[in-house]
Amino acid sequence: MHENFGATYLENNIALLFLEIPFDEAPHIKTVCLPPVNKNFDMSRCIASGWGKKRFRSKKHPKIMKKIELKVVPNAKCQNDLGQTRLEQSYELHSSFMCAGGEIGKDTCTGDVNGGSPLVCPMANNPDRYYQVGIVSWGIGCGGENVLGVYANIPHLRSWIDKQLAYKDIDVNFFTPS
């Protein structure tokens, strides 16, 4: 877990899980690449996936994984749009966050996908491969115009990820496209 994780505001909302044995790839189980440090994905059309519930407090999860396409929003727009909510104009978006969504009926909340789900963007030079650019973290409201989902910003957190991999003697090139 990130040593500067903030439980109140969820900044630096990232943790790494190290497996004792490798998983087997299958048609529905693949690896994803890490993006370059601080790479900007503004205005990219990306995909979030997960096991979203139909109702917020429901204990039942669907049997089929869901996915939704969302647009990555520049941080200045995100800051402005979040300032129009109950967070008010004084809210400052932490650098460990990025935003996506803002389209009516499309969001990573109840009924779609939910917290901890990945946000992946296709690589420009190889659209069959993806970078994981975000992790669903939080939001205000759900699925409304200019109502954005907030994600852990993987390109911003990439240096921390590399440091953790180095501690474990894991070659970061394994996660970086060639």
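The values are calculated or read from the model by the stated rules, or taken from the named source; none is laboratory data. Quick caveat: nothing in here was measured; it's all calculated off a predicted structure. Ideal geometry is used to build each Cβ from the backbone, glycine not excepted, and the neighbour counts take in all protein chains shown. To get the accessible areas, we keep the full protein, side chains included, count just its heavy atoms, and leave off ligands, DNA and RNA. Shrake-Rupley method; radii C 1.70, N 1.55, O 1.52, S 1.80 Å.
Residues that are loosely packed, with under 11 Cβ neighbours inside 10 Å and closer than 17 Å to S96 by Cβ within the stretch 162-174 comprise just one, K163.
What tally of residues in the stretch 147-161 results from selecting those that are without any contact (Cβ under 8 Å) to a residue 60 or more places away in the chain and open to solvent by 10 Å² or more (accessible area, probe 1.4 Å)? Quick ask: steps written out before the conclusion?
Filtering the stretch 147-161 for residues without any contact (Cβ under 8 Å) to a residue 60 or more places away in the chain gives 151, 153.
Retained after the next criterion (residues that are open to solvent by 10 Å² or more (accessible area, probe 1.4 Å)): 153.
So the count comes out to 1.
In the stretch 14-69, of all residues being more than 20 Å from Y131 (Cα to Cα) and touching a Phe, Trp or Tyr at 6+ places or on another chain (Cβ under 7 Å), the one that is modelled with the highest pLDDT corresponds to P62.
The residue list G105, G143, G134, G116 contains one member that is open to solvent by less than 20 Å² (accessible area, probe 1.4 Å) and on the phi > 0 side of the Ramachandran plot, which is G143. Closer than 16 Å to K71 by Cα and out of contact with any helix residue (DSSP H, G or I) (no Cβ under 6 Å at 6 or more places or on another chain): does that describe D128? In short, no.
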